[in-house]
Amino acid sequence: MAVDRRQQVVDAAAKSFALFGYKATTMDQVAKIANVGKGTIYTFFTNKEELFHEIMKRLILEMKQVAEKVVDPNRRFFDNLNAVLEQLLEFREEHELALKLSHEVREIGTPMAIEGMQQIEKAVVGYIQYQVQLAMDKGEIKPCNPEMTAFVMLRLYMALTVEWKKTHEPLDKQQVAEQLRFYMQVGLAPE
């Protein structure tokens, strides 16, 4: 069986970025982890940035697969939304590369790490946007700007799960689901 050198390089790069972050990863490290010559990497990728983009595409595809596993077409929109957001947050908190990039953004502010985190957010918003559009088409939710709504939904979810616990008692999953439903579905206006 032939060895897929390109895949070997991509796997090694993913490992290096997850261990060392974007800034500290070098092509020499990737070559060493992949057990190939540095020149082999350049037969597939022009530079570190191009290799990083390949890793990010893989990460985003993985996230989409995680989200799709929990969507149930027989469930209501807000139940699916909560399940998807919960899975994606867990994925992000457990995935070494996502964690490392998040840390690198906070500590160093490396432009490529920032770009990587923005790619992740854009992919998540895009996925939610698609689900919002489906819900609008089915008449489950009012007509709205799907992209803006998806962005607000993601930010609200992050505020409830990540930001709130910095200064308050953390909310459990059920409380987060209830608050998300309250703010996005019921609203503040009196009946």
Considering segment 163-174 alone, what residues qualify as being open to solvent by less than 90 Å² (accessible area, probe 1.4 Å) and either touching a residue at least 40 places away in the same chain (Cβ under 8 Å) or more than 14 Å from Leu85 (Cβ to Cβ) (or both)? His168, Pro170, Asp172
Does Phe151 satisfy being open to solvent by 70 Å² or more (accessible area, probe 1.4 Å) and more than 30 Å from Leu19 (Cβ to Cβ)? yes
Consider Thr26 carefully, then state whether it is more than 21 Å from Glu96 (Cβ to Cβ) and polar (S, T, N, Q). no
Positions within segment 65-90 being farther than 22 Å from Gln185 by Cα and touching a helix residue (DSSP H, G or I) at 6+ places or on another chain (Cβ under 6 Å), in sequence order: Val66
Identify, please: which residue in segment 72-92 is in contact (Cβ under 8 Å) with a residue 60 or more places away in the chain and within 23 Å of Met56 (Cα to Cα) and is, among those, surrounded by the most Cβ atoms within 10 Å (Cβ to Cβ)? Leu85
Per the filter on segment 175-191, residues open to solvent by less than 100 Å² (accessible area, probe 1.4 Å) and more than 15 Å from Gln129 (Cβ to Cβ) are Gln175, Val176, Ala177, Glu178, Gln179, Leu180, Arg181, Phe182, Gln185, Val186, Gly187, Ala189
Picking from Val132, Val152, which residue would you name as being out of contact with any Ser or Thr (no Cβ under 7 Å at 6 or more places or on another chain), of a type in the set (Val, Ile, Thr) and assigned to a helix (DSSP H, G or I)? Val152
Is it fair to say Phe182 is under 15 Å from the mean Cα position of the chain (by Cα), at pLDDT 90 or above, farther than 30 Å from Thr26 by Cα and part of a helix (DSSP H, G or I)? no
Give Asp28, Asp11 a once-over and let me know the one that is surrounded by fewer than 17 Cβ atoms within 10 Å (Cβ to Cβ), within 23 Å of the chain's Cα centre (by Cα) and modelled with pLDDT of 90 or more. Asp11
Going residue by residue through segment 102-121, is there one that turns out to be over 23 Å from His53 (Cβ atoms), in a helix (DSSP H, G or I) and in contact (Cβ under 8 Å) with a residue 24 or more places away in the chain? no
If a residue must be surrounded by 15 or more Cβ atoms within 10 Å (Cβ to Cβ) and assigned to a loop (DSSP other than H, G, I, E, B), how many such residues does segment 40-71 contain? 2
Condition check for Gly109: closer than 23 Å to Ala159 by Cα and surrounded by fewer than 16 Cβ atoms within 10 Å (Cβ to Cβ): yes
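The values are calculated or read from the model by the stated rules, or taken from the named source; none is laboratory data. All figures in this text were calculated on a predicted structure; none of them were measured in a lab. All Cβ positions, even for glycine, are placed from backbone atoms using ideal geometry, and neighbour counts span all protein chains on display. To get the accessible areas, we keep the full protein, side chains included, count just its heavy atoms, and leave off ligands, DNA and RNA. Shrake-Rupley method; radii C 1.70, N 1.55, O 1.52, S 1.80 Å.
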